[in-house]
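First comes the structure, then the notes that go with it.
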Amino acid sequence: MNAIKQILGVLWVILAVAAAYFCVFEFGLPKLLSDKQDDLVFGIIILFILTPLIVLGLGTFGYFAVIGEYNEKK
């Protein structure tokens, strides 16, 4: 069971990197560089509020799973 937790921890870290890429380059920057006011506000929210929350949450959870913090016996 502990090996599965560590493998899933690696998956969470990979998901954090993928989320960072998509939030910045696919969702945030195109909206931020758009000419519309609504897109500008949405781009700022994506880049400066949602991206750090998503990436830090996934990355921290994955990191602790990889180092064995959630193992049953320490």
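If a residue must be among the charged types (D, E, K, R) and touching a helix residue (DSSP H, G or I) at 6+ places or on another chain (Cβ under 8 Å), how many such residues does region 1-52 contain? Total meeting the criteria: 3.
Matching residues to (1) touching a Phe, Trp or Tyr at 6+ places or on another chain (Cβ under 6 Å); (2) at pLDDT 95 or above; (3) under 30 Å from Lys73 (Cα atoms):
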position	(1), (2), (3)
Gln6	no, no, yes
Val13	no, yes, yes
Phe22	no, yes, no
Asp35	no, no, no
Leu40	no, no, no
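Exactly one residue among Tyr21, Tyr70 is assigned to a helix (DSSP H, G or I) and of a type outside the set (Lys, Arg), and that residue is Tyr21.
For region 47-67, residues that are more than 30 Å from Ile7 (Cβ to Cβ) and either in contact with a Gly (Cβ under 8 Å, 6 or more places away or on another chain) or not in a helix (DSSP H, G or I) (or both) total 1.
Of all residue pairs spaced 6 or more apart or on separate chains, those with beta-carbon atoms under 6 Å, a first member in region 51-68 that is more than 14 Å from Val10 (Cβ to Cβ) and a second member that is of a type in the set (A, V, I, L, M, F, W, C) and part of a helix (DSSP H, G or I) are Thr51/Cys23; Ile54/Ala19; Val55/Ala16; Val55/Ala19; Val55/Ala20. Scoring Asp35 on the criteria (1) part of a loop (DSSP other than H, G, I, E, B); (2) within 15 Å of Leu11 (Cβ to Cβ) leaves a single failure, condition (2).
For region 1-55, enumerate the residues that are of a type in the set (Gly, Ala, Ser), surrounded by fewer than 16 Cβ atoms within 10 Å (Cβ to Cβ) and over 16 Å from Val66 (Cβ atoms). Please lay out each step first, then the result.
First, the residues of region 1-55 that are of a type in the set (Gly, Ala, Ser): 3, 9, 16, 18-20, 28, 34, 43.
Going one step further and asking which of them are surrounded by fewer than 16 Cβ atoms within 10 Å (Cβ to Cβ), we end up with 3, 18, 34.
Passing the criteria: Ala18, Ser34.
The values are calculated or read from the model by the stated rules, or taken from the named source; none is laboratory data. No experiment lies behind these values; they were computed from the predicted model shown. No Cβ is skipped: glycine too gets one built from the backbone with ideal geometry, and neighbour counts run over all protein chains shown.
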